[in-house]
Amino acid sequence: MIRVRFAPSPTGYLHVGGARTALFNWLYARRHGGLFVLRIEDTDTQRSSWEMVSGIVDGLRWMGLDWDEGPDIGGPHAPYFQSQRLDQYREAAARLVAQGSAYYCYCTPESLQQKRQAAEAAGGGWLYDRTCCTLTAGEVAAREATGAPRAVRFKVPRGSTSFIDLVHGRIEFPNAVIEDFVVLRSDLQPTYHLSVVVDDIEMAMTHVVRGDDHISNTPKQVLLYDAFGSSPPAFAHVPLILGTDKKRLSKRHGATSVMEYPRLGYLPEAMVNFLALLGWSPGGDEELLARDELIQMFALEGISGGNAVFNPEKLDWVNQQHIQRLTPEDLASRLEPWLRDKGLWSEHFGSSRRDWFVALVQLFQPRLKRLDQFTHEAGPLLRDDVIYEAQAVAKHLRPELHEPLSLLASKFAMLDPFTAQPLEMTLRALAETLQLKPASLIHATRVAVTGRAASPGLFEMLELAGRERVGERLRKALTHVAPPA
Ligand code: GLU
């Protein structure tokens, strides 16, 4: 049974890198009928907060990633907050000391700092010099008698440490470059290496899928697995996400917190699709994948070792494509909050005018890259007033069109039914009678009714605007168009 986890430290919001890590783990679990665990790594109590935990949970929920065990739902390995598992880490550290895999270190931070600075001043690096590893029983007893604070350090054996990474292949580190690292601080707080290994063993993780930045931590963790007599899980380190300038993704590149994306008008389906393809590829050319398809196709072997580039234009394209895939009814429901926010929502759009509203949404659907664009795009049909764009007026509402528009207004006033096809026939017939290019009358009408030079199909729009509003707007537009001198 495959068991994977997402183990965020709640010291910040859920950023896109973390979201992608969570997604890969989730997809892997769902692909193989395994279990996905959410574990909150909040041992750094100074920097962790509830606000961040709920932000992370909200982000995962928005993306539709559900977990089988975790802080809110519990599970056989509860609690899922590391801050509530401290006894287990302390007990594990004591076990390491008892079996000779670790030792107490009484060195003060000041003395360590001094040695490090001296080594650096001499132009070298510094690894812990094992001062406390060689203390005699008497020296230890003397320090214990004074109640000197003590940390627990892991005793790194000679040799080398290697692991098979499912993305990068075999990775080996000489142990000489790994210092005797602290596993439990003198204030009894575990370090990340200890807590992550104790939990991954206890929670029976079969795979650890996480960011590349953890590769250098892995040998230390492999050494801990050995010391605890457990075989390590399979590791898969996923490449970093870079901005289009090939620098590590940061705020400079735009939104990095996942929860900014719903506010920017992105669909969770699109975000999931886009993030899945950051570093993973299903093999073919297909780039638009629904959640179920991703689950069907996901394989750790498809993760590339090269860095992934976060391209906002591609995200817009993926989002647009997913918007097109929604039923107009579904899209209409997702747009409601945006209309409410702009004060453009009418309760009738949910009842007596539902069909009208859904038809409006459908008409604008092909033009939307993001949900936020709808209120602007469809604004002329949602607002009572019309704002004339000066450029559109100058270009399309020319004086010689005064008379034709005025004639069109009278014809439209009598048209029944006021629907796209008869509207189009009427306009084209008038253009022919007046020996005008239909396009110039179409453009003029569009500007007259919407104030803008671009819109979806004019006649569908006129139908939705309705006889009254169209008549009103044509009359209003005529006041902008001086008749030819
Ligand atoms: N809490 C660690 C982090 O957020 C988890 C690393 C891991 O997955 O082992 O980076």
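Averaging the Cα positions of each part gives two centres, and for region 380-440 and region 153-171 these lie 75 Å apart.
Among the cysteines of the chain, 107, 133 have no other cysteine beta carbon within less than 4.7 Å of their own. Once each part is reduced to its C-alpha centroid, what is the distance from region 68-89 to region 180-255 in angstrom? Each part's Cα centre sits 18 Å from the other's.
Computed with a 1.4 Å probe over protein heavy atoms only, the accessible surface of region 1-141 comes to 46 Å² per residue.
Probing with 1.4 Å while keeping every protein chain in the model, the per residue accessible area of region 142-266 equals 44 Å².
Counting only protein heavy atoms and a probe of 1.4 Å, the accessible surface of region 1-118 is 51% carbon and sulfur. Extension gain for the segment residue 353 to residue 32, taken as residue separation times 0.36 nm less the Cα-Cα distance, is 111.0 nm to one decimal.
Amide H to amide H, with H built 1.01 Å from N, residue 5 comes under 5 Å of 37, 209, counting only residues 5 or more places away or on other chains. Mean projection of the Cα convex hull over all viewing directions, computed for region 335-484: 8.8 nm². Let me make sure I get this right: for region 176-309, a, b and c are the square roots of the gyration tensor eigenvalues over alpha carbons, sorted descending. Under 1.5 in a/c it's rounded, otherwise prolate if a/b > b/c, else oblate. Which is it? Prolate.
For 85, 90, what's the largest-to-smallest order of accessible area, 1.4 Å probe?
Result, largest first: 90, 85.
Dipole check for region 267-420: with +1 at the C-beta of Lys and Arg, -1 at the C-beta of Asp and Glu, and the Cα centre as origin, the magnitude is about 360 Debye.
Summary of the geometry: region 92-115 and region 283-327, compared by the centres of their Cα atoms, lie 47 Å apart. If a spin label sat at a point 7 angstrom from the Cα of residue 231 along the line to its beta carbon, the backbone N atoms of region 148-170 nearer than 13 Å would be those of 164.
The values are calculated or read from the model by the stated rules, or taken from the named source; none is laboratory data. The shown structure was predicted, so the numbers you read here are calculated from the model rather than taken from an experiment. Methodologically, a virtual Cβ is constructed for each residue, glycine included, from the backbone with ideal geometry; neighbour enumeration extends over all protein chains shown. For the accessible areas, the whole protein counts, side chains as well, though only heavy atoms, and no ligand, DNA or RNA atoms are used. Shrake-Rupley method; radii C 1.70, N 1.55, O 1.52, S 1.80 Å.
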